[in-house]
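So the structure is just underneath, and the comments pick up after that.
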Amino acid sequence: AAVLCELPRKSKLEDDEVRIEVRSASLNFPELLMMQNKYQYKPQLPFVLCTEGAGVVKEIGSKVSNVRPGDRVMFATMQGCACEELVLPAQVCCRLPDPLSFSQGAGFYMGYTTGYHALVTRGRLKAGEWLLVTGAGGGMGTMAVELGKALGARVIAAASSDEKLEACKKLGADFVVNYSKQDLKTAVGEITNGEMCDVIYDPVGGQIFDQCV
């Protein structure tokens, strides 16, 4: 059950910390799993929900240089963003671009940083390479499509409906595959003239993952 409670306020910041007035927070699927004790990270109960949010910097530690008091920021942590005020390491905060609202910023950070880590840090995706994104119609998938195009890759978006794939085309996907109608491996082979893909981003798993191997 959810409860509303008052938590102690940290009075003094560490040198690398920032104090943030939270304006918006977003609930992600991992938190739903945490509530059922099914996630790999198992917080001690009770815990504060929401892994990402956005707000205004109120105070900074003596060694913080990436943000200043008054800055609009977005941030992510393993838990605790559903609150009025939050103290975090400055390294998990970044400035919120002016066109984005606090609500948009609260739903931006986790997905795009996850996608960037997968494609760049782990996948080492390079311009001109073939990138296959499965589940491309979902939140993580659409972000991966956008990131892949920004990195200069040739992007194949795969999803389960034509409606989802139309949205992927608008985001820049070079090719699309409806795997509810087509065999994924065969379609990718035809698109790439047998080269197949350099990097595969699969947030789906199950049978779709098996077809990617």
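Computed over the Cα atoms of region 17-107, what is the convex hull's projected area averaged over all directions, in nm²?
5.8
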*Go through region 2-8 residue by residue and turn each phi into a ³J(HN,Hα) via Karplus (6.51, -1.76, 1.60, θ = phi - 60°); whole Hz please, and just put x for glycine and proline.*
8, 9, 9, 8, 9, 10, x
*Using 1/(1 + (r/R0)^6) with R0 = 30 angstrom and r between the beta carbons of Ala150 and Ile208, what's the FRET efficiency to the nearest 0.05?*
0.80
*Principal axis box of region 114-212, alpha-carbon based, largest edge first, Å*: 32, 28, 25
*asked:* In region 100-167, if the dipole is taken from +1 on Lys/Arg beta carbons and -1 on Asp/Glu beta carbons about the Cα centre, which of Ala136, Thr114, Ala158 is farthest to the positive end?
replied: Thr114
*asked:* Check which residues have an amide H placed less than 5 Å from Lys58's amide H, if you skip close sequence neighbours.
replied: Arg19, Ile20, Glu21, Gly70
_At 222 nm, what value in deg cm²/dmol follows for the chain if DSSP H runs of at least 4 each add -39500 (n - 2.57) and the sum is divided by all its residues, to the nearest 500?_
-7000 deg cm²/dmol
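Using DSSP to define loop residues, name the GluC sites (Glu not before Pro) in region 46-102 whose beta-carbon has at most 14 other beta-carbon atoms within 10 Å.
Here the GluC sites (Glu not before Pro) that fit, given the DSSP loop and packing criteria, are Glu84.
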*Holding the Cα-Cα limit at 21 Å, pick out from Lys149/Lys181; Lys126/Lys164; Lys149/Lys169; Lys164/Lys185 the pairs that are longer than that.*
Lys149/Lys181; Lys126/Lys164
*Packing-based order for 39-51, 22-34, using average beta carbon neighbours within 10 Å, highest first*: 22-34, 39-51
*What is the distance in Å between the Cα centres of region 139-193 and region 1-63?*
35
*asked:* What is the sum of charges, Lys and Arg at +1 and Asp and Glu at -1, for the other residues whose Cβ falls under 14 Å from the Cβ of Glu14?
replied: 0
_Using C-alpha positions alone, give me the convex hull volume of region 147-196 per residue in cubic angstrom._
65
*If you take every DSSP beta bridge whose two residues both sit in the chain, what share of them, in percent to the nearest 5, is antiparallel?*
65
*Go through region 26-37 residue by residue and turn each phi into a ³J(HN,Hα) via Karplus (6.51, -1.76, 1.60, θ = phi - 60°); whole Hz please, and just put x for glycine and proline.*
10, 9, 10, 4, x, 5, 5, 5, 4, 5, 9, 6
*Using every alpha carbon pair in the chain, what percent of pairs falls into each 5 Å bin from 0 up to the bin containing the largest distance?*
1, 7, 13, 15, 15, 13, 12, 10, 7, 4, 2, 1, 0
*State the answer as a single residue: which of Phe175, Val188, Gly206 lies farthest towards the positive end of the charge dipole of region 145-213, with beta carbon charges of +1 for Lys and Arg and -1 for Asp and Glu, about the Cα centre.*
Phe175
*Note down the magnitude of the dipole of the chain about its Cα centre, charges +1 on Lys and Arg C-beta and -1 on Asp and Glu C-beta and zero elsewhere, to the nearest 20 debye.*
280
*Could you run the Karplus curve 6.51 cos²θ - 1.76 cosθ + 1.60 with θ = phi - 60° over region 42-52 and give me ³J(HN,Hα) per residue in whole Hz, x for Gly and Pro?*
10, x, 6, 7, x, 9, 8, 6, 5, 9, 8
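Computed from the coordinates by the stated procedures, all read-outs in this text should not be read as laboratory data. What you see is a predicted model; the values in this text were computed from it and never measured. A quick note on method: Cβ atoms are made from the backbone with ideal geometry, for glycine too, and the neighbour counts reach across all protein chains shown.
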